[in-house]
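I have placed the structure first, in the form of structure tokens, so that the comments after it can refer back to it.
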Amino acid sequence: MIPYSLSLSLHHLIKKRGSAFFCMDARENKVLKLAVRAGEIMLKSGGEVYRTEDTVKRICYAAGMCNVECFITTTGVIVSLDDHRDKEAEIQTAVKRIKVVSTDLEKVSQIHGFVRRFAALNHHTEVDIDKGMEELERIDATVGFTLPIRFAAVVLIAAFFTLMNNGSVIDGLFTVGAAAVTYLFTLLLKRLPINYFIVVFCSCFLAAGLSLLFYSLGYCSSFSAMVIGSVTIFLPGAAITNAVRDMLSGDMLAGVARGAEALLVTVAIAGGVGLMLNIAPVPVPLDTQAPFIFPLEFLFAFLGTIGIAIIVNIPRRYLLIAGLIAGSGWLVYELILMTGNSRIIACFLATCSIALIAEVATRLSKDAATLFIIPAIYPLVPGKVMFAAMLEMINDNIESALSIGAEAILLAGSIAVALLVVISLTRIVSLAYRGIRKISSSDSGTID
């Protein structure tokens with residue numbers, strides 16, 4: 001028989017511990033929801049998988065949750081938490097399915113900044129977590145550039161990417177019309193429950209048809225430049241960059257998935273344009289117009305990349321920086337070609353220069369590197385070479401098509417390899433610098 005006083009003490013102890021466990025579970029639940037929400041916004045806005053995983057873990061660690069396991073794919077976030085101080089505590093797990101992914105680098109930047117601020121706090125209470133959730137909801141509700149500004153960006157992309165690919169000024173003007181109609185058509189298709197690859201296929205089919213119509217009028221001189229200017233907006237620059245960065249971070253599953261996405265988008269672009277060329281009644285020769293002078297080439301890349309940066313919605317404060325990085329990379333590409341080197345070497349070195357400048361900008365701004373890399377590599381994507389390969393295949397020149405297609409693959413591979421090399425080297429240098437600083441600080445601490 002348990003004495004009444006002992007029974008009452010046990011009752012109060014159980015009630016107290018139960019309340020403590022309840023509070024701990026409630027707080028873990030809030031932290032879990034906060035971390036998953038941040039990862040969801042990061043992932044669906046076009047952030048890399050490894051960056052999303054780092055976002056989730058840093059939020060949990062900052063909130064005092066040491067035992068964190070997360071599994072991130074391109075389509076979902078899975079996070080588990082448990083209290084390391086009590087081995088009998090239940091493990092809490094949350095799963096969030098990501099169905100729609102777009103490229104909104106403004107939100108990637110805002111989540112990146114939110115995590116830095118959240119992790120910098122010394123004390124975290126339930127109020128901090130609640131305020132953090134409110135800030136995440138505000139970030140998710142952020143609206144990017146308005147529709148008129150995005151149409152202006154489409155004009156910049158169509159006009160200046162046409163000129164960069166040896167089109168004439170008249171070609172650029174007609175391409176603006178084709179690209180504007182195509183972009184409006186794309187916005188309409190996105191409102192329907194249609195797969196994104198079908199949207200790209202149909203949009204590129206329309207862009208090629210409008211370009212062919214304008215070309216057949218006799219005013220335009222470069223059909224290939226017009227098509228490239230019209231479909232540049234659909235090129236998978238974000239998927240290529242994220243695939244490389246995820247693979248470098250050891251997320252092979254995400255890297256392969258991103259790479260497959262980039263390949264499927266490329267196939268959709270080629271399929272839409274190729275189908276139009278198959279049914280086109282007008283033979284389309286390759287253009288032979290000479291390129292523009294260097295200052296104009298830099299200006300074209302600068303302005304065209306600003307258009308791309310607006311479409312992928314990078315922060316406004318980085319628009320000019322992205323344009324300058326792309327213009328510098330394009331000048332390196334043209335200079336290497338002038339020295340007699342192949343386009344593969346030129347593309348590799350130009351991408352290296354872009355990645356190096358982007359890494360410097362990342363260190364100075366303390367923001368994500370993808371904000372600078374993604375827009376800047378668009379001018380180097382081998383659209384003209386892929387168009388030439390497709391044109392040869394349509395004309396039944398299979399051997400020539402395979403040769404040109406192999407070059408296009410090597411050009412795309414040179415971009416990926418250059419990003420891998422530069423990112424790897426900068427990480428090694430960064431780790432070495434941190435190690436030297438740590439050793440120096442420890443040595444200085446031993447001096448009396």
Task: Evaluation of ARG138 against (1) more than 30 Å from ILE394 (Cα to Cα); (2) surrounded by 13 or more Cβ atoms within 10 Å (Cβ to Cβ) (one fails), failing number - done: (2)
- [ ] Scan the stretch 213-227 for residues that are among the hydrophobic types (A, V, I, L, M, F, W, C) and surrounded by fewer than 23 Cβ atoms within 10 Å (Cβ to Cβ) and report the count.
- [x] 3
Open item on the list: Of all residues being surrounded by fewer than 19 Cβ atoms within 10 Å (Cβ to Cβ) and assigned to a helix (DSSP H, G or I) in the stretch 238-256, which is modelled with the highest pLDDT? Just the residue, please.
Closed with: VAL256
TODO: Determine whether the stretch 274-290 contains at least one residue that is out of contact with any strand residue (DSSP E or B) (no Cβ under 7 Å at 6 or more places or on another chain), among the small types (Gly, Ala, Ser), part of a helix (DSSP H, G or I) and modelled with pLDDT of 90 or more.
DONE: no
Task: THR93, sole failed condition from (1) closer than 28 Å to ARG363 by Cβ; (2) not assigned by TED's automatic domain parsing to the domain that holds SER230 - done: (1)
TODO: Of the conditions (1) of a type in the set (Phe, Trp, Tyr); (2) surrounded by 13 or more Cβ atoms within 10 Å (Cβ to Cβ); (3) modelled with pLDDT under 85, TYR50 clears all except one; give me its number.
DONE: (3)
Task: Search result, residues across the stretch 70-92 that are part of a strand (DSSP E or B) and at pLDDT 85 or above - done: CYS70, PHE71, ILE72, THR73, GLY76, VAL77, ILE78, VAL79, SER80
Open item on the list: Could you check the stretch 156-187 and list, in sequence order, the residues that are β-branched (Val, Ile, Thr), surrounded by 23 or more Cβ atoms within 10 Å (Cβ to Cβ) and either within 22 Å of the chain's Cα centre (by Cα) or under 15 Å from LEU217 (Cβ atoms) (or both)?
Closed with: ILE157, THR175
Task: Hits in the stretch 42-60 - residues which are under 11 Å from the mean Cα position of the chain (by Cα) and aliphatic (A, V, I, L, M) - done: MET42, LEU43, VAL49
Open item on the list: Among the residues of the stretch 360-369, are any in contact with a His (Cβ under 8 Å, 6 or more places away or on another chain), part of a loop (DSSP other than H, G, I, E, B), closer than 17 Å to ASN242 by Cα and at pLDDT below 95?
Closed with: yes
Task: Criterion: under 18 Å from the mean Cα position of the chain (by Cα), at negative phi, of a type in the set (S, T, N, Q) and surrounded by fewer than 19 Cβ atoms within 10 Å (Cβ to Cβ) - qualifying residue of THR362, THR351, THR370, THR339 - done: THR362
Task: Members of the stretch 164-188 found to be part of a loop (DSSP other than H, G, I, E, B) and among the hydroxyl-bearing types (Ser, Thr, Tyr), listed by number - done: SER168
Open item on the list: Just to verify a result, which residue in the stretch 93-109, among those that are modelled with pLDDT of 85 or more and either of a type in the set (A, V, I, L, M, F, W, C) or in contact with a Cys (Cβ under 6 Å, 6 or more places away or on another chain) (or both), is surrounded by the fewest Cβ atoms within 10 Å (Cβ to Cβ)?
Closed with: VAL95
TODO: Please state which of the following conditions PHE145 fails to meet, knowing it meets all the rest: (1) under 30 Å from SER328 (Cβ atoms); (2) part of a helix (DSSP H, G or I); (3) modelled with pLDDT of 90 or more.
DONE: (2)
Open item on the list: If I filter the stretch 291-324 down to residues being part of a loop (DSSP other than H, G, I, E, B), modelled with pLDDT of 80 or more and touching a Phe, Trp or Tyr at 6+ places or on another chain (Cβ under 9 Å), which single residue comes out as surrounded by the most Cβ atoms within 10 Å (Cβ to Cβ)?
Closed with: ILE314
Open item on the list: With the structure loaded, tell me whether LEU263 is surrounded by fewer than 19 Cβ atoms within 10 Å (Cβ to Cβ) and at pLDDT 85 or above or whether it fails that test.
Closed with: yes
- [ ] Kindly establish whether GLY209 is out of contact with any helix residue (DSSP H, G or I) (no Cβ under 7 Å at 6 or more places or on another chain) and over 28 Å from TYR318 (Cβ atoms).
- [x] no
Task: Hits in the stretch 154-204 (condition: farther than 23 Å from VAL100 by Cβ and of a type in the set (Phe, Trp, Tyr)) - done: PHE160, PHE161, PHE174
TODO: Restrict the check to the stretch 189-198 and report whether at least one residue is part of a helix (DSSP H, G or I), closer than 26 Å to ARG316 by Cα, in the same structural domain as TRP330 (by TED's automatic domain parsing) and in contact with a helix residue (DSSP H, G or I) (Cβ under 9 Å, 6 or more places away or on another chain).
DONE: yes
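The values are calculated or read from the model by the stated rules, or taken from the named source; none is laboratory data. Predicted model, so just to flag it, every value in this text is computed and none were measured. Backbone-built Cβ (ideal geometry, glycine too); neighbour counts: all protein chains shown.
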